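The values are calculated or read from the model by the stated rules, or taken from the named source; none is laboratory data. In this text, all values refer to a predicted model and were calculated from it rather than measured experimentally. So basically every Cβ, Gly included, is an ideal-geometry build from the backbone, and we count neighbours across all protein chains shown. SASA here: full protein model, heavy atoms, side chains in, ligands and nucleic acids out. Shrake-Rupley method; radii C 1.70, N 1.55, O 1.52, S 1.80 Å.
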Amino acid sequence: MLASVATFGVYLAVMVAIGLWVYRRTVSQSDFVLGGRQLNSWVAGLSANASDFSGWLLLGLPGAIYVSGLGEAWIAVGLAAGFAGSWILIAPRLRVYTERVTDSRSGGESDSLTLSSFLENRFEDRSRSLRAVSAVLIIVFYFFYVASGLVAMAALFDQVFGLDPAPAIVIGVSIVVLYTVLGGFLAVSYTDVIQAVMMWAALLVVPVLAITAMGGFGGLAEGVTDKGDGLLSAMGGMSLDGDAGAWINTETLGWVVIVSGLAWGFGYFGQPHILARFMGIRSVTDIPKAGFVSVAWAVSAMALAVLVGFIGIAYFDTPLDSPEQVFPRLIEALTHPLVAGLLLAAILAAVMSTADSQLLVAASALTEDGYKAFVDKDAAPRSLLWISRGTVVAVAVIAACVALWGNQSVMDLVGYAWAGFGAGFGPVLLLALFWKRMTWVGALAGMIAGGATAIVWDIVDSAYLGIGLYAMLPAIVLSFVAIFALNGLGRVSPQMADDFDKVVREIEEAKQAS
């Protein structure tokens, strides 16, 4: 216990120290939101990973594999494809477009610091509807996303220290809010690098120790099949029955398992906290290297997380009461307390690395897309900086309430928010970057259709359909339908067309230069 406490204490102190170090470099709203667009390839790539793969990677994914077997691995396959696609398709154009397309109301002096401001500037939306609706979607879904991290944090503190959820969440939130408020985007990005390394190392160490203890991969495979032959089926069909204390066959449709898992990949095209790394990278020429680092880390980390889930099935004789605790339980069972403290700190790192990024984006939406856009458009940069810091605290408090009084798992909360962002922004952003004739009406229709469907799909499916299809797929389809059906009600101005052509030329010149 003392070793774990000491390890956690050192880790948390380092995170706060980074926030203090960056504090003096954060002097404007641009610094706080995007770090002055100065991230190098390594920092941008690893920060994108850490801000994305939260407690879901070390708790949710291994837990899902532990419950249902190989069928849940389709999520990892979809995410790997989607992550690579976002670096290839979205990152270059978004980096250039957000800096080149400015707000005409500011005389062309204000570039796009947030996803909401980019959409407004890209489509010359004088009604400000795009900014308002996108800001609402960001804030609403981030309450659930941040809450998922806090649920994971509470489970970890309970596992290690025996703390109740309330004090655990208060301690975790306080540390995250402190260094995020101090250093903003740069503090979040630099701490992400440390957290990404810790997460990957933990995912490597535990499988090596466990497989060695079980006599190699043959012992692992034998241990899994002993619990249920269907656990190694890519079509799914197995699930852990807590009451029976065993894995049983289910009525799950194979195609639903595969399609729902792969649909997760499209979510990358609409996650604001990941898109912020694309916007904050130093130059478009740094993107290929950053993308390679990021995708290599992501693919290997997810493969190891899937392996951890199977190891849990084979290693524990009695099914766990809480499947999402399979990774912490393996750490405690296989390692010395001092090593366990380091590895468990990696889980805390996973939670914090995503929560800080999400708090920052949500605060930026409230400040840039709420206060500055609709309350005081002439607010001083220093004033906006402190308002942003205040909103970080406010969002954290509300998310903590959702975590404390909700009853959903980490995977449920992440899945809900992931579908909301992926469908609400993914189709809109993809077409905004690649379709010259897109208008603000089409963008608005796509956001509303995608976001609304993600919100209500689970209710409709459980009440009338009962097929268990992930909300992402129908929400994306309806978003694209709405965009193409209503796009003609808007118009493309000569300036919009010219901006699009300039961005395309700049991307091509960057490719030739590299």
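With all protein chains present, how much of the accessible area of the chain (probe radius 1.4 Å) comes from carbon and sulfur, to the nearest whole percent?
The computed percentage sits at 65.
Summarise the long-distance tail of P(r) for segment 122-217 by giving the % of C-alpha pairs beyond 22 Å.
Distances greater than 22 Å cover 56 percent of the Cα pairs.
HN-Hα J couplings of segment 187-196 from phi, Karplus 6.51/-1.76/1.60, θ = phi - 60°, integer Hz, Gly and Pro as x?
4, 4, 5, 5, 5, 4, 4, 4, 5, 5
From the C-alpha gyration tensor of segment 397-514, pull out the three semi-axes of the equivalent ellipsoid (sqrt of 5λ each), sorted largest to smallest, in whole Å. Kindly include the intermediate steps, with their values, before the conclusion.
Values: eigenvalues 234, 70, 33 Å².
Taking √(5λ) for each eigenvalue gives 34, 19, 13 Å, largest first.
Dipole magnitude of segment 319-475 about its Cα centre, charges +1 at Lys/Arg Cβ and -1 at Asp/Glu Cβ only, in debye to the nearest 20?
The dipole of segment 319-475 has a size of about 560 debye.
Report, in debye and to the nearest 20, how large the dipole of segment 383-514 comes out about its Cα centre when Lys and Arg carry +1 and Asp and Glu carry -1 on their Cβ.
With Lys and Arg at +1 and Asp and Glu at -1, about 220 debye.
For the Cα atoms of the chain, what angle does the longest principal axis make with the long axis of helix 129-161, in degrees from 0 to 90, nearest 10?
Orientation of helix 129-161: about 20 degrees from the principal axis.
Would you mind working out the magnitude of the charge dipole of the chain relative to its Cα centre, with +1 at each Lys and Arg C-beta and -1 at each Asp and Glu C-beta, to the nearest 20 Debye?
1660
Relative contact order of segment 292-401, please, whole-number percent, based on alpha carbon pairs below 8 angstrom and at least 6 residues apart. Can you show the working numbers first?
Details: 37 pairs, mean separation 19.7, N = 110.
Contact order relative to length: 18 percent.
Nearest 10 degrees is fine. How inclined is helix 472-486 to the longest principal axis of the chain, computing both from alpha carbons?
Helix 472-486 and the main axis of the chain meet at about 20 degrees.
Counting only pairs 8 or more places apart or on different chains, how many lysine pairs in the chain have C-alpha atoms closer than 27 Å? Kindly include the intermediate steps, with their values, before the conclusion.
Details: LYS289/LYS502; LYS289/LYS511; LYS436/LYS502; LYS436/LYS511; LYS502/LYS511.
Final tally of qualifying lysine pairs is 5.
Could you list the trypsin sites (Lys or Arg not before Pro) in segment 111-145 that lie in coil according to DSSP, counting only those with at most 11 other Cβ atoms within 10 Å of their Cβ?
ARG126
Calculate for the chain the 222 nm mean residue ellipticity that helices alone would give, adding -39,500 (n - 2.57) per DSSP H run of length 4 or more and normalising by residue count, nearest 500 deg cm²/dmol. Can you show the working numbers first?
On the way: 20 runs with 364 residues, N = 514.
After summing the helix terms and dividing by residue count, I get -24000 deg cm²/dmol.
What whole-number value in cubic angstrom gives the convex hull volume per residue for the C-alpha atoms of segment 451-514?
Details: hull volume 8.5 nm³, N = 64.
Here the figure is 132 Å³ per residue.
What's the ranking of 428-434, 287-293 by average number of surrounding C-beta atoms within 10 Å, highest first?
Packing order, densest peptide first, comes out as 428-434, 287-293.
Determine the order of LYS227, LYS377 by accessible area, beginning with the largest, at a probe radius of 1.4 Å.
LYS377, LYS227
Per residue of segment 84-99, what does 6.51 cos²θ - 1.76 cosθ + 1.60 with θ = phi - 60° give for ³J(HN,Hα)? Whole Hz please, x for Gly and Pro, Karplus curve as stated.
4, x, 5, 5, 7, 8, 8, 3, x, 5, 5, 4, 6, 4, 5, 8
Below 8 Å between Cα atoms, with a sequence gap of 6+, how large is the relative contact order for the chain in percent?
30
Could you rank TYR268, TYR464 by how accessible they are, 1.4 Å probe, largest area first?
Most to least solvent-accessible, the answer reads TYR464, TYR268.
Going by the alpha-carbon gyration tensor, a ≥ b ≥ c the square roots of its eigenvalues, is segment 61-163 rounded (a/c under 1.5) or, if a/c is not under 1.5, prolate (a/b greater than b/c) versus oblate?
Judged from the Cα gyration tensor, segment 61-163 comes out prolate (a/c at least 1.5, a/b above b/c).
For the chain, which span is the longest to avoid every loop-located (per DSSP) member of GluC sites (Glu not before Pro) having at most 12 other Cβ atoms inside 10 Å?
Counting at most 12 other Cβ atoms within 10 Å as exposed, the longest clean stretch of the chain is 252-514.
Going out from 0 in 5 Å bins, what whole percent of all Cα-Cα distances in segment 287-337 drops into each bin?
Pair shares across the bins are 4, 18, 22, 16, 14, 9, 9, 5, 2, 0.
Nearest 10 degrees is fine. How inclined is helix 2-23 to the longest principal axis of the chain, computing both from alpha carbons?
The answer is roughly 10 degrees.
Along the principal axes of its C-alpha atoms, what lengths does the chain span, in descending order and rounded to whole Å?
67, 50, 47
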